[in-house]
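Data first, discussion second: the structure below is written as structure tokens.
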Amino acid sequence: MRPRFLLVSLLVILSLVLAACGGAASPAPAEQPAAAEEPAAETAEEAPAAEAPAEEAATEGGDAAAAGPLECTDAIGCVEVAPGEPIRLAYLLSISGATGFLGEDSRGSVEIAIDDRGGQLLGHDIELVGEDTLCSAEGGQAAAQKIASDPQVVGIIGTTCSSEAVAALPIISEAGLSMISASNTSPSLTNPDAATGGVWMPGYYRTAHNDLFQGRVAADFVFNELGATKLATIHDGSPYADGLQQVAADRFRELGGEVTFQGAVNVGDTDMRPILTELAANPPDVLYYPIFEPEGNLITSQAKEIPGLENTILIGADGLFVDSFPENTGPASVGMYLTGPHVGGSEAYNELLAKWQEKFGMTPPSGYHAHAYDGTNIMLNAIEQAAQVGEDGTLLIGKQAIRDALTATADYPGLTGTLSCSEHGDCATGEALAVFQLGEEELNGNWPPPVVWPK
């Protein structure tokens with residue numbers, strides 16, 4: 001009996017142990033999901049905090065911001081600006097020689113526009129670099145090649161002269177860059193039709209007026225205000241001068257006037273008497289010559305020596321709109337007219353003039369400083385809109401995105417008027433144009449001359 005009792009006792013104890021083990025194991029699976037859900041709940045609560053850097057970056061002005069690595073999906077490529085590195089803005093301007101005043105006029109306002117942003121964009125310094133284009137096709141081509149070879153250039157302000165732009169544009173466009181000019185006025189630059197002389201290529205914009213406007217202003221003034229019926233023109237073979245005189249001649253004929261002569265001199269010519277004698281065979285009421293110094297000075301001083309031209313009214317254009325022109329020409333310039341850019345005395349424009357005086361100790365030397373200020377701001381706005389901003393401050397700036405942003409510019413409240421950029425790069429309407437008359441005061445350094453039309 002005793003062995004059997006011991007066996008039964010062992011079986012009872014074993015069953016109790018097994019029951020105890022089973023009871024301890026069964027709650028564990030039930031508690032396991034609860035333990036797993038706690039981290040999930042914490043992750044969900046923390047998700048907005050993880051997104052915060054991307055939201056903050058987006059508010060800095062980039063078109064997109066990403067918490068992860070930035071990716072370039074732009075059709076023609078991107079410029080990456082690393083943390084702490086500057087955004088590189090370039091200029092292509094004529095800053096030496098006879099047209100140096102035009103380039104300096106633009107460059108000064110580019111610098112002021114950058115200053116007005118505190119020298120920064122999207123948390124990066126703005127670095128301004130540039131090349132002298134010399135107001136020639138050769139200079140424009142060489143300068144464009146240097147700028148286009150720099151992979152960190154994001155946008156370009158320029159060129160000064162239309163001849164430079166014609167040569168530079170294929171290089172700049174092929175590189176995927178965009179440039180905006182303050183003083184290119186040749187109609188060909190925004191004309192996409194090669195069959196009619198157009199040279200437009202993607203990436204070109206300007207805040208300067210199209211000479212389709214300036215040529216009409218000249219012709220309308222001559223015919224309607226001066227009452228002249230006979231017009232002659234002289235150009236220097238450049239796209240700017242040739243295009244402008246042709247628009248004026250066409251408009252003058254349209255109004256009912258007679259164009260008695262259209263001829264050209266070469267840059268560097270010093271004796272203008274042969275061409276002046278030729279056009280004097282049928283003396284015009286007005287001679288329009290939209291060219292630069294020194295050729296413009298020589299035509300002005302020699303015209304009065306030619307029989308038949310004693311009473312001919314002389315009119316230059318924005319190429320001669322510089323204080324050195326009357327000073328270098330002397331009394332022969334008194335009474336003549338100039339067509340060119342004109343910006344009214346708004347408070348904002350007067351502030352720009354004050355900043356010029358403070359920064360450079362002078363007034364702007366020509367008429368396109370406000371156009372350069374507007375163009376720089378439009379370009380910087382486009383760069384800001386095109387940029388993707390990374391968590392660490394890296395910028396990825398799409399080249400096509402810049403072009404798209406420039407083309408989308410609409411109703412921009414500029415110093416030169418309300419600007420809206422067309423598909424082919426014209427942003428100005430021609431509202432900022434006038435006719436000026438030189439007098440004795442301008443011989444003594446008074447500048448700019450007074451506006452005489454429109455009144």
Going through (1) within 24 Å of Asn184 (Cα to Cα); (2) assigned to a loop (DSSP other than H, G, I, E, B) one by one, Gly108 fails only at (2)
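Results for (1) more than 27 Å from Pro239 (Cα to Cα); (2) among the acidic types (Asp, Glu); (3) in contact (Cβ under 8 Å) with a residue 24 or more places away in the chain, shown as yes or no for each residue.
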site	(1), (2), (3)
Leu102	no, no, yes
Asp105	no, yes, yes
Glu111	yes, yes, yes
Ile114	yes, no, yes
Gly118	yes, no, no
Asp125	yes, yes, yes
Asp132	no, yes, yes
Cys135	no, no, yes
Gly140	no, no, yes
Matching residues in segment 164-190 (out of contact with any His (no Cβ under 6 Å at 6 or more places or on another chain), polar (S, T, N, Q) and within 20 Å of Gln400 (Cα to Cα)) number 3
Here the residues within segment 94-132 that are more than 18 Å from Asn381 (Cα to Cα), among the hydrophobic types (A, V, I, L, M, F, W, C), buried (at least 19 other Cβ atoms within 10 Å of the Cβ) and touching a Leu at 6+ places or on another chain (Cβ under 9 Å) are Ile95, Leu102
The one condition Thr429 fails out of (1) surrounded by fewer than 24 Cβ atoms within 10 Å (Cβ to Cβ); (2) among the polar types (S, T, N, Q); (3) modelled with pLDDT of 95 or more is (3)
Lys359: passes all of (1) over 22 Å from Gly439 (Cβ atoms); (2) surrounded by 15 or more Cβ atoms within 10 Å (Cβ to Cβ); (3) outside the structural domain of Leu443 (by TED's automatic domain parsing) but (2)
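Take residues that are surrounded by 23 or more Cβ atoms within 10 Å (Cβ to Cβ) and not aromatic (Phe, Trp, Tyr) and tell me which of the helices (runs of 4 or more DSSP H) falling wholly in segment 210-285 contain 3 or more. Break it down stepwise before answering.
Details: elements: 211-220, 239-255, 273-279.
Once the helices (runs of 4 or more DSSP H) in segment 210-285 are filtered for at least 3 residues that are surrounded by 23 or more Cβ atoms within 10 Å (Cβ to Cβ) and not aromatic (Phe, Trp, Tyr), what remains is 211-220, 239-255.
The values are calculated or read from the model by the stated rules, or taken from the named source; none is laboratory data. These figures come from a predicted structure and were not determined experimentally. Glycine also receives a Cβ, built like all others from the backbone with ideal geometry; neighbour counts cover every protein chain displayed.
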